[in-house]
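Structure first, commentary second.
The values are calculated or read from the model by the stated rules, or taken from the named source; none is laboratory data. In this text the structure is predicted, and so the values were computed from the model without any measurement. Because the Cβ atoms are built from the backbone with ideal geometry, glycine has one as well, and the counts that use them run over all protein chains shown.
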Amino acid sequence: MINIKENEFIELTKFLKNNYGINLTHKKNLIEGRLNNVLIEKGCNSFREYLDYVYADITKNELTTLINKLTTNHTFFMREQEHFQFFKNQVLPSLATTVKNRDLRIWSAGCSSGEEPYTLAMIMEDYFAQEKSLWDKKILATDISVNVLKTADKGIYSVEGLEKMSESWKLNYFNKIDNDTYRIDSKLKNEVIFRVFNLMDEFPFKRKFHVIFCRNVMIYFDQETKDRLIRKFYDMTEVGGYLFIGLSEALNKTENPYKYIMPSVYRKG
């Protein structure tokens, strides 16, 4: 085991927090455990040597590897199912009558390997049915990790990952590759736009969103970073629009500008 020195630990955690909002200031053992094999693979004898190697890589591929190793991209279809039920039964009926020009803007922020945005796309395909061609309802799906976005864009999932999914969805929105894997159908894949994006950066969007999903992402952030991100989300939410966060997450009651609707669901105005 290659141990990280205190000054290296402080340097790395400060770099991650300042640039990506990721707070690992109390996770020294996690950092050592998840990065040791990387150091060995790169032929680095110390964390100092490894950090210098990461900083020197102008392609930022090594930085991507570092972030991927230190953040958990664990998700599956229908995770926190009550959110999707609320989206289908409450949010869509409301927005279907209020959204102007049938231009529905939805953002899956921290989309990981794509299960969340594809689930939202399936719900909307079912909901709008014969009217779907009349709506602009493409979903923006972003993540900081290039690797998980590549997986999401391929749209290939194991049969175990689809075990909570209805048979009708499997038939309508997936193509079976073999007994172990399925691929998202192109008609659904075209409804999702995947992009690399760091939530700590300034938001470049010209138009506001009607729904923002940012679930189980802020668990890596300290309170100040969370509050700052929530204000940015609020500014980019249409009046009457919704924010979904993870069931294990909570917003600061004194700093949260959204209206509380139910656990982990908030609304603007």
Unique match (being on the phi < 0 side of the Ramachandran plot, among the acidic types (Asp, Glu) and without any contact (Cβ under 8 Å) to a residue 24 or more places away in the chain) among GLU11, GLU62: GLU62
Failed condition for MET165, given (1) surrounded by 17 or more Cβ atoms within 10 Å (Cβ to Cβ); (2) part of a helix (DSSP H, G or I): (2)
Selection from the stretch 228-269 of residues that are part of a strand (DSSP E or B) and among the small types (Gly, Ala, Ser): GLY240, GLY241
Per-region count, the stretch 235-263, residues touching a Gly at 6+ places or on another chain (Cβ under 6 Å) and not aliphatic (A, V, I, L, M): 1
Filter result for ASP52 (surrounded by fewer than 17 Cβ atoms within 10 Å (Cβ to Cβ) and assigned by TED's automatic domain parsing to the domain that holds LYS170): no
Test: residue in the stretch 38-45 that is β-branched (Val, Ile, Thr), within 30 Å of LYS28 (Cβ to Cβ), in a helix (DSSP H, G or I) and touching a Lys or Arg at 6+ places or on another chain (Cβ under 9 Å): yes
Scan of the stretch 112-161 for residues that are touching a residue at least 40 places away in the same chain (Cβ under 8 Å), charged (D, E, K, R) and part of a helix (DSSP H, G or I), ordered by number: GLU115, GLU116, GLU125, ASP153
Residue match in the stretch 118-129 (condition: touching a Lys or Arg at 6+ places or on another chain (Cβ under 6 Å) and buried (at least 19 other Cβ atoms within 10 Å of the Cβ)): yes
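Out of the residues in the stretch 131-146 that are of a type in the set (Val, Ile, Thr) and surrounded by 20 or more Cβ atoms within 10 Å (Cβ to Cβ), state the one that is modelled with the lowest pLDDT.
The qualifying residue modelled with the lowest pLDDT is ILE144.
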Failed item, numbered, when TYR127 is tested on (1) touching a Pro at 6+ places or on another chain (Cβ under 9 Å); (2) closer than 30 Å to GLU202 by Cβ: (2)
Residue within the stretch 214-227 that is outside any strand (DSSP E or B) and free of Cβ contacts under 8 Å to residues at least 12 places away in the same chain present: yes
